[in-house]
Each structure stands twice: as structure tokens, then as C-alpha cells.
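Chemist: Sharing a structure with you now.
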Amino acid sequence: MKLANRITALTPGGSDGWEVFYKARALKNSGQPVIELTIGEHDIRTHMDILAAMGKSARAGHTGYAAVPGTENLRATVARRIEAQSGIPTTAANILITPGGQAALFAAHMAVVDFGDTALYCDPFYATYPGTLRGVGAIDKSVLCKPERDFKPTHQDLNAAATGARSLLVNSPNNPTGVVYDQATWEGIAKVCQDHDLWLISDEVYETQVWQGTHISPRSLDGMAERTLVIGSMSKSHAMTGSRVGWVCGPEPVIEHLINLATHTTYGVPGYIQDAADFALNQGVEAEMAVAAPFQRRRQIAMDLIAEQNLIRAVPCSGAMYMMLDIRATGLTGEAFAHSLLDAKLIAVMPGESFGQAAAGHIRVAMTVEDSQFKQALEVLLAFSASLN
Ligand code: PMP
């Protein structure tokens, strides 16, 4: 029986660049002591206080259908948070609660691109981006963000790609590069969106993990709130990856349509999960900093080690839980390097090629193991690189 093209085209088939990840998992499952610096999962679990709030809500009976747009409390809390960050008036009516940032990304594109429209995204990219765009029937078109420009999109490159496009998807702090976009980059993005009448989808799921500079949400820029959909999530900020709770923030008419979409797809997010998210967001900034702090520490550990040699270069990473390392001086591709490192030293990193063309010759290191093990893994990685020369 023939399947719909919509679903068969989600992933391109053939090599998806994630073979190292699967190989590492298989080795680990067979009992090998593999150190996995691959995916964006914290080495801590959701805080017990958040779980207590979740249990309390469930025991109090919040286990039936919850309001499809999200509970009034959580929508209002998210709105207050976004208003405080952006200075843009924001109410519960601007917020749809979704089962995680991924569902929010899909919903946002469903709202703004029609079948056959061109939807832009930046390369290097988070693994699901092209499939998400194809999943809503769009033609996915990447804009290369080159290592020479610290993987930031330039106005010139965006402008050249934007003719006829409907939307642009951006992500800062960025996965996989760890780069945080500066004001000039945002101004270039805003200008392209305004000149070409693009919707901007701004994936801000790493907004609490900024080590240098500040997080700027494009919703706060002049004239951008009306064309920007912000994607947020509790996954990274509160180590709640498994709870599946996130949001879309955007103009009220868009959210009204997205509520319709939710009625016909997810039918909302469990009430006790939303109550736990509301509790977590009301714990204030210290709770978020406690979740983020290990990555900042490990980034410093890595930067200090990298400064002691001059073969491997770190992309100036200012946020998120990853570092992108330029390994081109070893003469290997990211893929060959990652496979050799895994085979020789049982350390798993992601090849840059898994995230598009622009990060070829790089590897992404997720800073997701405990400090001393992380330090040791980086030492081995650097010694291994030197031995290749
Ligand atoms: N965007 C980016 C850039 C991500 O890295 C992730 C998760 N790794 C997501 C969105 C989706 O996160 P979630 O669905 O868990 O909120």
C-alpha cells in the first residue's frame, strides 16, 4: 500500500549522520563503558519539588482533560515571563501550551506556511528542522551560516535566499553550535523578515543558558511582534525533557487558529504536567540557574583545556549545552573523527555533518556528563586529536 508522501518525505532516507550515535548506544547497551557526549539530555533529573507539585496536582484530581489552549495559570505565567523579558505587552491570549517545543515548532509552521511554500532555516540546524518543515508540506530551504562568521546568519545570505519564501526559522542560543546571536545579527534577521514579508519562528528553548552576552528575543525588536512566533520549552530550562511541555507565543489571531489545531491534534497537555510547569516557572531565576550552571562550568573546563593546545579550535560558544569544535586541522571530516574517537577511545560525540553542511569538519560535544568525567573525556579527545597529526 502506498503511504502519503507527506510522511515518507519526513526523513530523506539513507545516511542521516546519526550512525555514530546509534553505534555508541549499541556499544553501551552491550556493556562497554562509552562516554556519551551526544544528545541534549541533562545528567540531572527533574527537581523533586517539581515532581511533588506534579503529584499533588494529580492527586487533587487534575487528571481529566485539561483546557486545550493550556491552563489559565500556566498561560498567564508564561505571558508574564515573556513580557518581562521582551517589554512587549503579552497576555494569556498570546500563548498556546504545547507538548514540548517540538510540537510548538510543528504547530507554528502549520499556522504560517501553505503546502508548497518555501520555509527557510539556518544550517547548521537542530536535527528535526528540515523534517518539521517538510511535514507541514513546505519546501525546506537552508541558509548556510559559515564557520568564518561564527555560524551566524548574515543579512546578505538571508536576503539572497528570502525571495518568495514565507517564513524563517532561527534558533539562539543555538543547537548545535552554542552560538548566541548578537544585536547586529538580529537586526539583519528583522530587516530581511520585514523586507520580504516573512514570518519569523524564533526557537528560544535554550534562553536560560547564556554564558556570554545576553539573550535577545526578536519579538522585542521594532515591528517584529506581529510577525514573530516564539517557541519555548520547559525541557532545557528545568530539566523536564520527559514531561513534554512547551509553548508558542504569538499574535492573538494566530494563537486562536493554533488552539483549533491543538483541538484536532494533541488535545492539550495533561493538567498535572502544566501545574508542575507553572510551579517550576514560579521558582524564579535561581532554580533555572541551578539547572544551567553545570554547563557553564563544563564549558570553562573545556575552554581551559583547549587553550593549552592549538590544533582544535572551539567555536566561540556563548550558550546552550553544547560546544562545537573545529577539527579540520586533523585532516579528518567530522564523521571520520567521531567514528575513530568512538572506536579508539569509547567517547561518543556528534559529527558536525549530522547538522548540515556548514558544520562539516566540526564535532558537537554535549556537556552532559559530570564535571570530572567531562574533563577526562576532553583530555582524551585532545590527546587523540594530537596523535592523528
Ligand atoms: N529546539 C531545539 C533547538 C532543541 O535542541 C530541542 C531539543 N533538543 C527542541 C527544540 C525540542 O525540545 P522539546 O520538544 O523537548 O521542548
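Chemist: Between Arg80 and Gln376, what's the calculated FRET efficiency when r is the beta-carbon distance and R0 is 35 Å? Round to 0.05.
Modeler: Once the sixth-power term is evaluated, E becomes 0.25.
Chemist: Could you work out how far the C-alpha centroid of the stretch 188-217 sits from that of the stretch 5-36, in angstrom?
Modeler: For the stretch 188-217 versus the stretch 5-36, the Cα centre distance is 30 Å.
Chemist: Taking only C-alpha pairs under 8 Å that are 6+ residues apart, what is the relative contact order of the chain in percent?
Modeler: Rounded, it is 25 percent for the chain.
Chemist: Determine which lysines satisfy two conditions relative to Lys23: a Cα distance under 22 Å, and not lying fewer than 8 residues away in the same chain.
Modeler: In chain and number order, the partners are Lys345.
Chemist: With +1 on each Lys and Arg Cβ and -1 on each Asp and Glu Cβ, how big is the dipole of the chain about its Cα centre, in debye rounded to the nearest 20?
Modeler: It works out to roughly 680 debye.
Chemist: In addition: Tell me the Kirkwood radius of the chain: reciprocal of the mean inverse pair distance over distinct alpha-carbon atoms, in Å.
Modeler: Value: 21.5 Å, from the Cα pair sum.
Chemist: With only alpha-carbon pairs counted, each pair once and no self-pairs, how large is the Kirkwood hydrodynamic radius of the stretch 232-385 in angstroms?
Modeler: Here the Kirkwood hydrodynamic radius works out to 18.1 Å.
Chemist: How many angstrom lie between the C-alpha centres of the stretch 257-271 and the stretch 326-381?
Modeler: So the two Cα centres are separated by 39 Å.
Chemist: Using packing as a proxy for protection, rank 106-114, 200-208, 34-42, 147-155 so that the peptide with the highest average count of other Cβ atoms within 10 Å comes first.
Modeler: 200-208, 106-114, 34-42, 147-155
Chemist: Antiparallel DSSP bridges in the stretch 63-283: what percent, to the nearest 5?
Modeler: Among the beta bridges of the stretch 63-283, antiparallel pairing accounts for roughly 30 percent.
Chemist: Now, a different point. Tell me, what are the semi-axes, in whole angstrom and largest first, of the equivalent ellipsoid of the stretch 99-230 as set by the roots of 5 times the Cα gyration tensor eigenvalues?
Modeler: 20, 16, 15
Chemist: Ok, one more. Putting +1 on Lys and Arg Cβ atoms and -1 on Asp and Glu Cβ atoms, find which of Met303, Ile88, Ala348 reaches farthest to the positive end of the dipole of the chain.
Modeler: My answer, from the dipole projection, is Ala348.
Chemist: Please report the carbon-and-sulfur percent of the accessible area for the stretch 63-283; probe 1.4 Å, protein heavy atoms only, DNA, RNA and ligands left out.
Modeler: The computed percentage sits at 50.
Chemist: What nm distance separates the two modelled labels at Thr63 and Ile139, each placed 7 Å from Cα along Cα→Cβ?
Modeler: Going by the 7 Å Cα→Cβ label model, 5.1 nm.
Chemist: Multiply the residue separation of Asn5 and His155 by 0.36 nm, subtract the distance between their alpha-carbon atoms, and state the gained length in nm to one decimal.
Modeler: Residue separation times 0.36 nm, minus the Cα-Cα distance, leaves 50.6 nm.
Chemist: Shifting gears a bit: What is the packing order of peptides 270-282, 128-140, taking the mean over residues of other C-beta atoms within 10 Å and listing the highest first?
Modeler: For the peptides 270-282, 128-140, the packing ranking is 270-282, 128-140.
Chemist: Less than 14 Å Cβ to Cβ from Gln32, Lys/Arg counted +1 and Asp/Glu -1: what total charge do the surrounding residues give?
Modeler: So the environment of Gln32 carries a net charge of +2.
Chemist: Would you mind getting the accessible area per residue of the stretch 224-307, heavy atoms of the protein chains only, 1.4 Å probe, in Å²?
Modeler: Per residue, the stretch 224-307 has an accessible area of 38 Å².
Chemist: Computed over the Cα atoms, what is the radius of gyration of the stretch 171-304 divided by 2.2 N^0.38 Å, N being its residue count?
Modeler: So the stretch 171-304 has a normalised radius of gyration of 1.16.
Chemist: Once every DSSP H run of n ≥ 4 in the chain is given -39500 (n - 2.57) and the sum is divided by its residues, what mean residue ellipticity at 222 nm do you get, rounded to the nearest 500 deg cm²/dmol?
Modeler: Taking each H run of at least 4 residues, the total per residue is -13000 deg cm²/dmol.
Chemist: Determine, for each peptide in 47-56, 168-177, the mean count of other beta carbons within 10 angstrom over its residues, then list the peptides with the highest first.
Modeler: So the peptides 47-56, 168-177, ranked by packing, come out 168-177, 47-56.
Chemist: Report the gain in length on full extension from Glu19 to Val285: 0.36 nm times residue separation, minus Cα-Cα distance, nm rounded to one decimal.
Modeler: 92.0 nm
Chemist: Of the options Gly31, Val365, Leu74, report the single residue whose Cα projects farthest towards the positive end of the charge dipole of the chain (beta-carbon charges: Lys, Arg +1; Asp, Glu -1).
Modeler: Gly31
Chemist: Apply the Debye scattering formula to the stretch 63-283, with a single equal point scatterer on each alpha-carbon and no solvent, then give log10 I(q)/I(0) at q = 0.10, 0.13, 0.17 Å⁻¹.
Modeler: Taking Cα atoms of the stretch 63-283 as identical point scatterers yields -0.40, -0.68, -1.21.
Chemist: Would you mind telling me the antiparallel percentage of the DSSP bridges in the chain, rounded to 5?
Modeler: 45 percent
Chemist: Of the options Pro253, Val179, Met1, report the single residue whose Cα projects farthest towards the positive end of the charge dipole of the chain (beta-carbon charges: Lys, Arg +1; Asp, Glu -1).
Modeler: The one lying farthest along the dipole's positive direction is Met1.
Chemist: Please work out how much length the chain gains when fully extended from Lys191 to Ala93, using 0.36 nm per residue of separation minus the C-alpha to C-alpha distance, in nm with one decimal.
Modeler: 32.6 nm
Chemist: What is the set of long-range amide H partners of Ile139 at a cut-off below 5 Å, with H atoms built 1.01 Å from backbone N?
Modeler: Distant-sequence amide H within range of Ile139: Gly116, Asp117, Thr118, Ala119.
The values are calculated or read from the model by the stated rules, or taken from the named source; none is laboratory data. Remember, predicted model here, so these are calculated numbers, not experimental data. Backbone-built Cβ (ideal geometry, glycine too); neighbour counts: all protein chains shown. In case anyone asks, the SASA skips ligands and DNA or RNA and just uses the protein heavy atoms, side chains included. Shrake-Rupley method; radii C 1.70, N 1.55, O 1.52, S 1.80 Å.
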